[in-house]
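Below is one structure, written out as structure tokens; comments come after it.
The values are calculated or read from the model by the stated rules, or taken from the named source; none is laboratory data. Just so it is clear, the model here is predicted, and its values are computed rather than measured. Counting neighbours? That spans all protein chains shown, and the Cβs are built from the backbone with ideal geometry, glycine included. Heads up: the accessible areas ignore ligands, DNA and RNA and are worked out on the full protein's heavy atoms, side chains in. Shrake-Rupley method; radii C 1.70, N 1.55, O 1.52, S 1.80 Å.
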Amino acid sequence: MTNRSLAKDPQDLTVLVTGGAGFIGSHTVVELLERGFNVVIFDDLSNSSPVAVDRVRQIVGIAADDPRLTFVEGSILDRAALEQVFTTFPIDGIIHFAGFKAVGESVEKPLEYYWNNIGGTLVLLDVARQYGVKNIVFSSSATVYGEPDEMPLTENAPKHDATNPYGQTKSMLEQILTDMWVGDNEWNVVLLRYFNPIGAHESGLIGEDPKGIPNNLLPYVAQVAVGKLPQVRVFGDDYPTPDGTGVRDYIHVVDLARGHVAALDWMGGKLGTDVALDRCSHAGTPMTDGTRSGVGVFNLGTGRGSSVLDVVHAFEKASGQTIPYVIEPRRAGDIAENYAACDKARAELGWQAEYDLDRMCTDSWRWQSTNPNGYAS
Ligand code: UFG
């Protein structure tokens with residue numbers, strides 16, 4: 001079956017967003033709706049809340065029964081539920097976020113991670129193909145670079161072994177999606193490698209809502225600032241970095257969300273047609289309707305590194321709170337520094353991050369301080 005064309009106006013396109021109730025997913029749905037796309041969220045709510053979907057409607061100003069946004073509760077492992085979605089809605093493209101994402105948990109539950117993330121994606125791809133939908137943007141991660149050889153990381157940097165099953169699933173799914181294109185050149189795949197997404201929508205209505213004690217730095221710092229946790233644990237101050245703490249490329253989740261919209265435009269042939277693609281992309285083969293087929297790989301980051309202490313201090317400034325911290329030993333599996341070269345996304349997607357660390361912390365604080373218990377409050 002031939003692929004669905006994305007060379008249309010957003011109002012005439014419907015995007016299936018798996019994991020669309022989650023942190024990055026919900027922010028992406030806002031940006032899609034604001035650009036005029038129709039959206040179907042498919043989410044099993046295993047690590048997200050239906051309140052996020054209500055809040056998305058509130059931000060965009062649409063009623064619960066507005067056909068521009070539909071929420072379907074379901075797991076990507078449930079073939080019948082996915083078939084129902086493709087039968088009911090005229091899906092043109094997919095942004096695929098759904099997946100388990102906790103690094104530490106993945107070490108303890110490898111089968112659950114491989115089953116859900118790999119198995120679920122295979123079901124999704126098979127059903128999508130059955131309905132002639134071969135446009136997919138995949139939520140990948142800078143984790144696929146493993147222990148990097150040099151900074152900043154370009155998309156040409158070699159992939160290294162991931163140190164945990166979560167990272168493996170991202171790497172393996174990149175390979176699977178690439179092989180799908182090799183076997184059938186109608187597939188149109190974009191792999192977005194995220195650096196460290198933080199922040200929240202400026203409305204303060206949606207944000208990150210981790211279950212239990214957060215694993216990641218930002219939600220942890222935010223919970224210390226709001227008084228839910230006593231102090232930040234800084235994992236190592238003896239790295240070869242300016243202040244000895246780990247350096248990461250933090251990116252505002254709204255910037256990241258906009259990168260997905262840019263990826264859809266690019267797939268639809270609306271952007272970057274005159275730009276030569278480098279060797280890590282197979283993409284760029286124009287189709288008769290002006291869309292592309294291929295595999296585009298893009299880093300989404302800011303290109304700037306910030307240390308753990310930079311983050312703590314920026315959050316103190318944003319929140320007006322003192323944030324106590326204690327230095328602890330290095331965390332297993334962590335690297336000293338990780339930041340992106342973002343030239344390719346800028347040149348080909350016409351996308352670049354706009355917001356700085358202060359803005360990320362300000363928005364994160366607005367969300368955390370007005371929703372101290374996340375969506376449960
Ligand atoms: N850190 C602390 N204390 C904490 C948590 C983190 O000092 O309580 C430090 C870490 O050592 C690291 C930095 O803060 O230097 C960022 O750690 P995060 O856990 O927030 O993020 P990571 O860079 O380890 O992981 C992120 C994503 C993963 C992804 C990985 C690889 O969360 O999904 O980037 O790019 F796989």
(message) Quick check of the Kirkwood formula: for the chain, what is the inverse mean of 1/r over all pairs of different Cα atoms, in Å?
(response) 20.9 Å
(message) Please list 3J(HN,Hα) in residue order for segment 66-76, calculated via the Karplus relation 6.51 cos²θ - 1.76 cosθ + 1.60 where θ = phi - 60°; whole Hz, with x for glycine and proline.
(response) 5, x, 6, 9, 10, 10, 10, 8, x, 9, 5
(message) Against the empirical 2.2 N^0.38 Å scaling, what ratio does the C-alpha Rg of segment 1-78 come to?
(response) 1.09
(message) Explain nothing, just compute: Karplus ³J(HN,Hα) = 6.51 cos²θ - 1.76 cosθ + 1.60, θ = phi - 60°, for every residue of segment 10-16 in order, whole Hz, x for Gly and Pro.
(response) x, 4, 9, 10, 10, 10, 8
(request) Could you sort 234-241, 58-65, 122-129 so that the peptide with the highest average Cβ count within 10 Å comes first and the rest follow in order? (result) 122-129, 234-241, 58-65
(message) Over the chain, with a Gaussian network built from C-alpha contacts below 10 Å, which listed residue (Val182, Val221, Val29) shows the highest mean-square fluctuation?
(response) Val182
(request) Measure nothing but the geometry: give the 0 to 90° angle between the long axis through the Cα atoms of 120-130 and the longest principal axis through the Cα atoms of the chain, rounded to 10°. (result) 20 degrees
(request) Can you bin segment 50-174 into rounded, prolate or oblate? Criterion: square roots of the alpha carbon gyration tensor eigenvalues sorted a ≥ b ≥ c, rounded for a/c under 1.5, prolate for a/b above b/c, oblate for the rest. (result) prolate
(request) Count the DSSP beta bridges whose two residues both fall in segment 11-376, then state the antiparallel fraction as a percent rounded to the nearest 5. (result) 10 percent
(request) Would you mind telling me the share, in percent, of accessible area of the chain contributed by carbon and sulfur at probe 1.4 angstrom? (result) 50 percent
(request) List the residues whose amide H sits under 5 Å from the amide H of Thr302, counting only those 5 or more places along or on another chain, with H placed 1.01 Å from N in the peptide plane. (result) Ala340
(request) Could you tally up the Lys pairs in the chain with alpha carbons closer than 20 Å? Skip any pair fewer than 8 positions apart unless they're on separate chains. (result) 15
(request) Divide by every residue of the chain the summed helix terms, -39500 (n - 2.57) for each DSSP H run of at least 4, and state the resulting mean residue ellipticity at 222 nm, rounded to the nearest 500 deg cm²/dmol. (result) -10000 deg cm²/dmol
(request) Return one whole number: the accessible area per residue of the chain in Å², for a 1.4 Å probe. (result) 41 Å²
(request) Tell me which residues come under 5 Å, amide H to amide H, from Ser293 once H is placed; ignore anything under 5 positions away on its chain. (result) Gly284, Thr285, Met287
(message) What do you get for the angle between helix 357-370 and the principal long axis of the chain? Use alpha-carbon atoms, 0 to 90 degrees, nearest ten.
(response) 90 degrees
(message) Could you give each residue of segment 234-239 its phi-based ³J(HN,Hα) in whole Hz, using Karplus coefficients 6.51, -1.76, 1.60 with θ = phi - 60°, and x for Gly or Pro?
(response) 8, 7, x, 10, 10, 7
(message) Rounding to the nearest 10 and keeping the result within 0 to 90°, find how far the Cα-based axis of helix 165-183 lies from the longest principal axis of the chain.
(response) 20 degrees
(request) Report, by chain and number, residues whose modeled amide H sits under 5 Å from the one on Glu337, excluding near sequence neighbours (fewer than 5 apart, same chain). (result) Val247
